[in-house]
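Let me begin by presenting the structure, written as structure tokens, before commenting on it.
The values are calculated or read from the model by the stated rules, or taken from the named source; none is laboratory data. It should be emphasised that the depicted structure is a prediction, and the values quoted were computed from it without experimental measurement. Glycine also receives a Cβ, built like all others from the backbone with ideal geometry; neighbour counts cover every protein chain displayed.
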Amino acid sequence: MPQKKTIPAHVGIILDGNRRWAKQHGLDTQEGHKQGFETFKEVADASLDRGVKCLSVFAFSTENWHRAKKEVNFLMHFIKVVIKGYIKELHKKNIRFIWLGSEDGLSKSLIKQLRSAEELSKNNTKALFCLCFNYGGQQEIIESVKAVLAKNQQLSPQMVEANLYGGGVVPPIDLLIRTSGEQRISNYMLWRAAYSELYFSSKLWPDFTPNDLDIAMDDYSKRQRRYGA
């Protein structure tokens with residue numbers, strides 16, 4: 001009798017390779033990001049169909065501000081377009097949206113839009129989608145520790161976790177996927193990825209498919225998680 005597959009409750013994805021994909025196809029960088037979003041929608045739907053309860057994606061890091069101004073400006077505009085349309089789709093599907101990241105450097109209008117999306121979907125219960133935008137794992141931990149100390153609370157792992165972005169709602173990552181062949185986590189979810197299983201795909205993100213997600217999840221299902229024991 002075939003063994004029942006273990007479904008990761010939280011899948012985190014580092015969406016890497018949009019720019020290289022665009023270059024390979026002789027396209028502008030912006031087209032790579034647009035295709036990357038189309039890929040994301042397919043993979044997100046596939047993860048939900050397969051029983052994943054929380055999906056988080058690394059869309060823009062605090063280090064990405066060092067990229068070309070044209071690309072950064074496009075991404076700031078593009079995220080507004082995405083939030084305006086896609087959040088309505090998530091809400092219809094009973095999926096809760098949470099933004100993980102810093103407000104530093106973002107426009108007031110974008111911050112308002114992200115917070116409004118959270119408010120709109122806060123009572124949804126089917127699954128959780130976490131957008132890591134203007135996010136850095138080290139900064140997240142520093143801000144959490146500062147919050148604990150400001151509240152005169154006892155510093156402990158439990159209190160640090162409770163004060164992370166989305167604290168008390170976003171669970172630890174079970175399966176962390178990175179595309180494009182790079183084998184590092186690049187300051188992503190340093191706290192929540194402490195015991196996650198890592199999976200690296202050689203495909204550039206726009207070429208990643210639901211079948212590739214299945215391969216990653218099958219690989220995860222075969223692993224034995226020990227949590228240091």
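The table below lists the values:
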| quantity | calculated |
| --- | --- |
| Failed item, numbered, when Ser102 is tested on (1) out of contact with any Phe, Trp or Tyr (no Cβ under 8 Å at 6 or more places or on another chain); (2) surrounded by 13 or more Cβ atoms within 10 Å (Cβ to Cβ); (3) of a type in the set (S, T, N, Q) | (1) |
| Unmet criterion (only one of (1) on the phi < 0 side of the Ramachandran plot; (2) assigned to a strand (DSSP E or B)) for Asn134 | (1) |
| Every residue from the stretch 12-57 that is within 13 Å of the chain's Cα centre (by Cα) and of a type in the set (A, V, I, L, M, F, W, C) | Ile13, Ile14, Leu15, Phe37, Phe40, Val43, Ala44, Cys54, Leu55, Val57 |
| Qualifying residue in the stretch 141-161 (condition: assigned to a loop (DSSP other than H, G, I, E, B) and at positive phi) | yes |
| Matching residues, the stretch 183-229, being free of Cβ contacts under 8 Å to residues at least 40 places away in the same chain, farther than 20 Å from Val170 by Cβ and assigned to a loop (DSSP other than H, G, I, E, B) | Gln183, Arg184, Ser201, Ser202, Lys222, Arg223, Gln224, Arg226, Gly228, Ala229 |
| Answer from Ser116, Ser201, Ser196, Ser221 - the residue that is touching a Phe, Trp or Tyr at 6+ places or on another chain (Cβ under 8 Å), surrounded by 12 or more Cβ atoms within 10 Å (Cβ to Cβ) and either of a type in the set (S, T, N, Q) or modelled with pLDDT under 95 (or both) | Ser201 |
